[in-house]
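Chemist: Below: one structure in structure tokens.
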Amino acid sequence: MTILVTGGAGYIGSHTCVELLNNGYKLVVLDKLINSKLESINRVKKITGKDFIFEHIDLLDKKALERIFSDHKIDAVVHFAGLKAVGESVIKPLDYYRNNVTGTIVLCEVMQQFDVKNLVVSSSATVYGTAKQMPISEDAPLGVTNPYGRTKLMVEEILRDIYTSDNNWSIALLRYFNPFGAHKSGQIGEDPNGMPNNLTTYITQVGIGRLNEVRIFGNDYPTKDGTGIRDYIHIIDLAKGHLKALNNVLNSNGIEAYNLGTGRGYSVLEVIKTFEKTAGISIPYKVVGRRPGDVAVSYADPSKAKRELGWEAEKNLEEMCRDSWNWQKDNLYGYLNKK
Ligand code: NAD
Ligand code: UDP
């Protein structure tokens, strides 16, 4: 069984490639390397001891994509390629619509052309916007607050229309909560280009001294300690969710959304404290104003994925902190690895 992985050099993609290879799938991976490095591909090969084809191409390059589909008999696609920085999406909305929405359309056109209709797609908990009820289940109302979120919602809607037009498609929309952690080898992990946007990457980079202190965006939320609450999920649990979703997609038709989260929320302060304890270091922080667009609380009801995919998260926050730190302290400059 050969799987095309788009955006497979990135954070979630590289960890998912390890799980796919370890479970006997053959891979063709494509990535434009705009937020990742070729070294992550080398390390995935090293960790698994398995080789695969890597194509350094842009998903929007339809000719190149057609060549990949005619060179290999692709059975399914796991689609990660996309831009993901909320703030940047407000400044450059066209880049986001073009890359995330047009990119997915080009992919689906080529899949249709080659009669490949099995697809696992990265969506996001951001499609729930400001959810009124916790935990959030898949049938909660959808609503988005920024261009990035809108690209994810548009992609979900486009894929639903494609399925309505042709019931031979089989599509899983995976709504991720907050991925954290790294592979236990410490060989692969999150390595964003430029300044980190998310809390967990910020903490690890403060940990190694690349950044001075964590800014806590608000301590006046209606939560137990006033800081925002999120559902952090270990990257390996998340990667395994893709394996289960792929299995389901290969054995059925339909389109379904699944939350991939733990069902448990932690505050910003709890994450910082747990990280300090696990890594045995101190993480300086200061409280600043709220970040516009942030919600107070967000955590998943992951029961649908358990029921229908047989998947549930197994790792806890300590393991996320430990594995992230293990990766970051040995790779101070990420894949550039300047010590
Ligand atoms: P990432 O930036 O590490 O990986 C995305 C990869 O896609 C990168 O390697 C990038 O080079 C590649 N890419 C982007 N546009 C491309 C294009 N046009 N052609 C080819 N390659 C392209 O991000 P990630 O955290 O691994 O996220 C993967 C997916 O999951 C994204 O779609 C993202 O929106 C989604 N997601 C991520 C999070 C998160 O917190 N990390 C949460 C929810 C959803
Ligand atoms: N956060 C923070 N400081 C940062 C980044 C994030 O206090 O430098 C908070 C943010 O307000 C939210 C939580 O950490 O409550 C998770 O934010 P992140 O950007 O990691 O993920 P999001 O849930 O917004 O996608």
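The values are calculated or read from the model by the stated rules, or taken from the named source; none is laboratory data. Just so you know, these numbers come straight off a predicted model, no measurement behind them. We place every Cβ from the backbone using ideal geometry, glycine too, and count neighbours over all the protein chains shown. When the accessible area is computed, the model is the full protein with side chains, heavy atoms only, and any ligands, DNA or RNA have been set aside. Shrake-Rupley method; radii C 1.70, N 1.55, O 1.52, S 1.80 Å.
Chemist: For the range 60-70, in order, what is each residue's ³J(HN,Hα) by Karplus, 6.51 cos²θ - 1.76 cosθ + 1.60 with θ = phi - 60°, in whole Hz (x at glycine and Pro)?
Modeler: 6, 7, 4, 4, 5, 5, 4, 4, 4, 5, 7
Chemist: Restricting to the range 172-325, compute how many DSSP beta bridges are antiparallel as a %, nearest 5.
Modeler: 10 percent
Chemist: Moving on. By what distance, in whole Å, do the Cα atoms of the range 49-96 stretch along each of the three principal axes, largest value first?
Modeler: That works out to 39, 30, 18 Å along the principal axes.
Chemist: log₁₀ I(q)/I(0) of the range 29-154 at q = 0.10, 0.17 Å⁻¹, via Debye over equal Cα point scatterers, no solvent, to two decimals?
Modeler: -0.39, -1.00
Chemist: Still on this structure, please answer the following. Where does each of 286-292, 41-47, 244-250 land if you order them by average Cβ count within 10 Å, highest first?
Modeler: Answer by packing, highest mean first, reads 244-250, 41-47, 286-292.
Chemist: Please report, to two decimal places, log10 I(q)/I(0) for the range 1-72 at q = 0.11, 0.12, 0.27 Å⁻¹ as given by the Debye formula with identical point scatterers on the Cα atoms and no solvent.
Modeler: Each listed q corresponds, in turn, to -0.23, -0.28, -1.28.
Chemist: Roughly what angle does helix 11-22 make with the longest principal axis of the chain, taking Cα atoms, 0 to 90 degrees, to the nearest 10?
Modeler: Taking the Cα atoms of the chain, the angle to 11-22 is about 60 degrees.
Chemist: Would you calculate a helix-derived [θ] at 222 nm for the chain, using -39,500 (n - 2.57) for each DSSP H run of n ≥ 4 and dividing by the full residue count, to the nearest 500?
Modeler: When only DSSP H runs of four or more count, the value is -11500 deg cm²/dmol.
Chemist: If you take all C-alpha pairs in the range 245-313, what percent of them are over 21 Å apart?
Modeler: Value for the range 245-313: 51 percent of Cα pairs lie more than 21 Å apart.
Chemist: What is the angle, in °, between the Cα long axis of helix 103-113 and the longest principal axis of the Cα atoms in the chain? Nearest 10 is fine, range 0 to 90.
Modeler: 30 degrees
Chemist: Which aspartates and glutamates, on any chain, are close to K152 with Cα under 20 Å apart, when same-chain ones fewer than 8 places away are left out?
Modeler: Reachable aspartates and glutamates: D31, D58, E88, D95, E109, E138, D139, D161, D231, E256, D294, D301.
Chemist: Quick check of the Kirkwood formula: for the range 61-128, what is the inverse mean of 1/r over all pairs of different Cα atoms, in Å?
Modeler: When all Cα pairs of the range 61-128 are included, the Kirkwood radius is 13.2 Å.
Chemist: Could you look at the chain and say what percent of its accessible area is carbon and sulfur, using a 1.4 Å probe and all protein chains?
Modeler: 49 percent
Chemist: Scan the chain and report its longest stretch carrying no GluC sites (Glu not before Pro) that are both in a DSSP loop and have at most 14 other Cβ atoms within 10 Å.
Modeler: 1-212
Chemist: Can you list the residues, at least 5 places off or on another chain, whose amide H is less than 5 Å from the amide H of I136, using H built in the peptide plane?
Modeler: Hits under the 5 Å cutoff: Y299, A300, D301.
Chemist: What does the accessible area of Y163 come to, in Å² to the nearest 10, when a probe of 1.4 Å is used?
Modeler: For Y163, solvent-accessible area is about 50 Å².
Chemist: Distance between the C-alpha centers of the range 5-24 and the range 155-175? Whole Å please.
Modeler: 22 Å
Chemist: Let me ask something else. For L260, which sequence-distant residues (separation of 5 or more, or a different chain) have an amide H within less than 5 Å of its own amide H, given hydrogens modelled in the peptide plane?
Modeler: Amide H neighbours of L260, under 5 Å, 5+ apart: R175, Y176, F177.
Chemist: When the dipole is taken about the Cα centre of the chain, and only Lys, Arg (+1) and Asp, Glu (-1) are charged at their Cβ, what size is it in debye, to the nearest 20?
Modeler: Computed charge dipole of the chain: roughly 760 debye.
Chemist: Then there's this: About the Cα centre, and with charges only on the beta carbon of Lys, Arg (+1) and Asp, Glu (-1), how big is the dipole of the range 204-336? Nearest 20 debye, please.
Modeler: 180 debye
Chemist: As a quick test, which of the pairs K26/K184; K46/K92; K92/K304 have an alpha carbon distance above 30 angstrom in this structure?
Modeler: K46/K92; K92/K304
Chemist: Note down, for the range 205-339, the three equivalent ellipsoid semi-axes (square root of 5 times each alpha carbon gyration tensor eigenvalue), biggest first, whole angstrom.
Modeler: 30, 21, 13
Chemist: Still on this structure: Peptides 114-124, 220-230, 96-106: what's the order by average Cβ count within 10 Å, highest mean first?
Modeler: Going by the mean number of other Cβ atoms within 10 Å, highest first, we get 114-124, 96-106, 220-230.
Chemist: For the range 88-216, list log₁₀ I(q)/I(0) at each q in 0.09, 0.15, 0.16 Å⁻¹, using the Debye formula over Cα point scatterers of equal strength and ignoring solvent, two decimals each.
Modeler: With one equal scatterer per Cα and no solvent, log10 I(q)/I(0) is -0.36, -0.92, -1.01.
Chemist: While we're here: Once amide H atoms are built 1.01 Å from N in the peptide plane, which residues 5 or more positions from V287, or in another chain, come under 5 Å H to H?
Modeler: Amide H neighbours of V287, under 5 Å, 5+ apart: I216.
Chemist: Any chance you could tell me what percent of the C-alpha pair distances in the chain go past 33 Å?
Modeler: Percent of Cα pairs beyond 33 Å in the chain: 22.
Chemist: Additional query: Please list, by residue number, everything in the range 19-42 whose backbone N is under 19 Å from a paramagnetic label point 7 Å out along Cα→Cβ of H56.
Modeler: Only 28-42 fall inside the zone, counting backbone N under 19 Å.
Chemist: A further question on this structure: Below 8 Å between Cα atoms, with a sequence gap of 6+, how large is the relative contact order for the chain in percent?
Modeler: Relative contact order for the chain comes out at 19 percent.
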